[in-house]
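Here's the structure, in structure tokens; my notes come after.
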């Protein structure tokens with residue numbers, strides 16, 4: 001399936017991109033077309049069926065379970081980024097939900113005001129100064145970049161289910177997590193289809209902006225043009241002050 005997506009994407013590689021962040025637009029559009037087809041004809045119908053047959057409290061428990069496992073890599077990446085206080089909080093959050101929350105089925109930690117954070121190895125690489133690189137759409141996995149693709153491998157190494165010896169259990173958990181994720185995102189998928197003139201550009205811009213926002217924890221650096229504009233404003237202010245004198 002992944003190889004099919006790559007072949008479809010490669011077929012469109014001749015397309016040139018007007019966006020310097022997306023030099024592989026031909027490949028990426030082809031891969032997204034493949035991903036959208038998988039979603040429309042396979043994953044989303046299964047996700048809708050999953051929503052229909054699964055009681056809401058069970059659905060929430062499944063989501064909480066996988067969210068709790070993710071808190072392991074969140075905590076590790078906290079410390080890798082030297083966010084010691086946040087790492088301690090996220091570590092305690094994992095312990096609370098794993099014990100009082102019965103293996104993470106219940107999100108007790110949020111009720112106790114331990115905030116949920118979103119850290120991954122792609123963000124850690126960004127914090128270490130590794131550049132984002134060209135925009136990249138991965139088969140099945142969707143929007144990414146070379147930096148975040150490497151980050152996915154690092155995050156997989158932090159996931160305890162990765163070390164389970166039984167292949168059936170690993171694939172079962174992976175499939176359940178994917179379907180649960182798709183079920184939770186069905187409404188967002190419909191909105192992106194209906195609201196965007198060019199869904200590809202909409203997803204690309206949203207992904208790049210969000211990743212940069214997460215890497216900088218919301219404290220976005222000034223772009224060069226913005227910096228120059230601010231310098232010009234400062235110079236104008238100085239000129240006005242001198243003229244007033």
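The values are calculated or read from the model by the stated rules, or taken from the named source; none is laboratory data. The shown structure was predicted, so the numbers you read here are calculated from the model rather than taken from an experiment. Because the Cβ atoms are built from the backbone with ideal geometry, glycine has one as well, and the counts that use them run over all protein chains shown.
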Taking the stated definitions as given, is residue 73 more than 23 Å from residue 198 (Cα to Cα) and either assigned to a helix (DSSP H, G or I) or at pLDDT below 95 (or both)?
yes
Report, by residue number, each residue of the range 182-198 that is assigned to a helix (DSSP H, G or I) and free of Cβ contacts under 8 Å to residues at least 24 places away in the same chain.
187, 188, 190, 191, 192, 193, 194, 195
Would you pick out the residues in the range 136-151 that are within 11 Å of residue 211 (Cα to Cα) and assigned to a loop (DSSP other than H, G, I, E, B)?
145
Residue 126 fails exactly one of (1) assigned by TED's automatic domain parsing to the domain that holds residue 32; (2) under 24 Å from residue 25 (Cα atoms), namely (1)
Contacts under 8 angstrom Cβ, first residue in the range 151-178 being in contact (Cβ under 8 Å) with a residue 60 or more places away in the chain and outside the structural domain of residue 48 (by TED's automatic domain parsing), partner surrounded by 16 or more Cβ atoms within 10 Å (Cβ to Cβ) and not in a helix (DSSP H, G or I), 6 or more apart:
none
Might you check whether a residue that is surrounded by fewer than 16 Cβ atoms within 10 Å (Cβ to Cβ), in contact (Cβ under 8 Å) with a residue 60 or more places away in the chain and over 16 Å from the mean Cα position of the chain (by Cα) occurs anywhere in the range 206-216?
no
Let me spell it out: the conditions are (1) outside any helix (DSSP H, G or I); (2) at pLDDT below 95; (3) crowded, with 18+ Cβ neighbours inside 10 Å, and residue 8 meets all of them except one. Which number is the exception?
(1)
Would you confirm whether or not the range 55-63 contains a residue that is surrounded by 18 or more Cβ atoms within 10 Å (Cβ to Cβ) and free of Cβ contacts under 8 Å to residues at least 60 places away in the same chain?
yes
Please tell me if residue 196 is surrounded by 11 or more Cβ atoms within 10 Å (Cβ to Cβ), modelled with pLDDT under 70 and under 19 Å from residue 137 (Cα atoms).
yes
For residues that are within 13 Å of the chain's Cα centre (by Cα) and crowded, with 19+ Cβ neighbours inside 10 Å, tally how many sit in the range 137-164.
9
Does residue 103 satisfy the condition of being within 22 Å of residue 206 (Cβ to Cβ) and either in a helix (DSSP H, G or I) or more than 17 Å from the chain's Cα centre (by Cα) (or both)?
no
I'd like the full set of residues that are surrounded by 18 or more Cβ atoms within 10 Å (Cβ to Cβ) and assigned to a helix (DSSP H, G or I), limited to the range 109-126.
109, 121, 122, 123, 124, 125, 126
